[in-house]
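Taking it in order: structure first as structure tokens, then the write-up.
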């Protein structure tokens, strides 16, 4: 209908001076983890997604199994309690004027609804971090940080990235029941989330069970009143993990998305310059092929074939190269590594940076060093 604007997710609009301070405080507090300069969220994602296959393989080889639980928090950023967040900031040694600035940054905000030429009365916002603010993901990480310590106190591993939380339970060979610590952990987790004004959606909480699970799946406890059951595939931080950890489902999903955007870019070709077309392809196609491609290292070429097809099609579109021409010279002209080598190159660069102190500590902890003596 003409004159009607679709209502979407509200975006918090910051004043210019507030945005400047927002960036300054982010540069100070975000000097580590995935928000550090020259880092990206993919480092955290790759770390989490490589940890589970590593643990699952070791458990499976020894006759045990591994259980990955992916929690789903409902509108987590919108339910952050200001008093609790200020308390967590103080416990993180934020003091004085800095703590006062955060208190001012969070409070005394309001919202309204605009429809055509009508504007509703303003209502005060009593909770939640500003959507669209640079600091919001970092503030939420500080807010939810005690959750990891709680989970680890029950002997489970916990991995967090913003509002995505994953629990990892190891089951020993010959286990005939679900460990009590897992049930107690879920109960304590539910109580902590409730006390922190966070709401978990148990119906959307996913479980991936790798290894021997015969006779145990029906023994899984309930979580917040909902029954838990394993799934053949789960989606974690944009990466699809399948039961056998073959990554075939993830490769197929990434290829499908990239092909869709490549077809859209092809329709824009008559209206874009070569430079603009390259920007569109990098932003919508190759970025999806490269996302977490370190997880593709070591996969059979038959699995990654779809990624190569998408990359070759993107290179031909960008250079207007017909199908009868070989693709290798085209990739060399564009200085594009083939998809099978892009993930390996990224892994080597991350390893080099981590060795020389330019990478996050959680990656360095995963390295194992080997010293060989020269033979006499």
Practice problem: Return the total of residues in the stretch 293-307 being crowded, with 17+ Cβ neighbours inside 10 Å and either part of a helix (DSSP H, G or I) or at pLDDT 95 or above (or both). | Solution: 7
Quiz item: Mind checking which residues of the stretch 150-162 are in contact with a strand residue (DSSP E or B) (Cβ under 9 Å, 6 or more places away or on another chain), surrounded by 18 or more Cβ atoms within 10 Å (Cβ to Cβ) and touching a residue at least 60 places away in the same chain (Cβ under 8 Å)?
Solution: 159
Exercise. Just name the residue that is farthest from residue 226 (Cα to Cα) out of those in the stretch 180-196 that are touching a helix residue (DSSP H, G or I) at 6+ places or on another chain (Cβ under 9 Å) and surrounded by fewer than 17 Cβ atoms within 10 Å (Cβ to Cβ).
Key: 195
Quiz prompt | Options 276, 252, 283: the member that is assigned to a helix (DSSP H, G or I) and in contact (Cβ under 8 Å) with a residue 12 or more places away in the chain | solution = 252
Practice problem: Consider residue 238 carefully, then state whether it is over 18 Å from residue 155 (Cβ atoms), without any contact (Cβ under 8 Å) to a residue 24 or more places away in the chain and surrounded by fewer than 19 Cβ atoms within 10 Å (Cβ to Cβ). | Solution: no
Quiz item: residue 173 fails exactly one of the following numbered conditions: (1) touching a strand residue (DSSP E or B) at 6+ places or on another chain (Cβ under 8 Å); (2) touching a residue at least 40 places away in the same chain (Cβ under 8 Å); (3) surrounded by fewer than 18 Cβ atoms within 10 Å (Cβ to Cβ); (4) more than 26 Å from residue 75 (Cα to Cα). What is the number of that condition?
Solution: (1)
Self-check item: Every residue from the stretch 162-191 that is over 15 Å from residue 148 (Cβ atoms) and assigned to a strand (DSSP E or B)
Solution: 170, 171
Practice problem: Can you give me the number of residues within the stretch 103-125 that are touching a helix residue (DSSP H, G or I) at 6+ places or on another chain (Cβ under 8 Å) and touching a residue at least 40 places away in the same chain (Cβ under 8 Å)? | Solution: 1
Exercise. Enumerate the pairs (first residue in the stretch 331-355 and in contact (Cβ under 8 Å) with a residue 24 or more places away in the chain; second residue anywhere and loosely packed, with under 13 Cβ neighbours inside 10 Å and assigned to a helix (DSSP H, G or I)) with beta-carbon separation below 7 Å, excluding pairs fewer than 6 apart on the same chain, so at least 6 apart or on different chains.
Key: 340/301
Exercise. State whether the residues of the stretch 262-283 include one that is assigned by TED's automatic domain parsing to the domain that holds residue 348, under 18 Å from residue 336 (Cβ atoms), surrounded by 17 or more Cβ atoms within 10 Å (Cβ to Cβ) and within 22 Å of the chain's Cα centre (by Cα).
Key: no
Quiz item: Out of (1) modelled with pLDDT of 85 or more; (2) assigned to a helix (DSSP H, G or I); (3) closer than 21 Å to residue 221 by Cα, what's the single condition that is false for residue 203?
Solution: (1)
Quiz item: If we only count helices (runs of 4 or more DSSP H) wholly inside the stretch 27-120, which ones have 1 or more residues that are under 30 Å from residue 155 (Cα atoms) and modelled with pLDDT under 75?
Solution: 41-61
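The values are calculated or read from the model by the stated rules, or taken from the named source; none is laboratory data. Here the structure is a predicted model, which means the values were calculated and not measured. All Cβ positions, glycine included, derive from the backbone under ideal geometry; neighbour counts span all protein chains shown.
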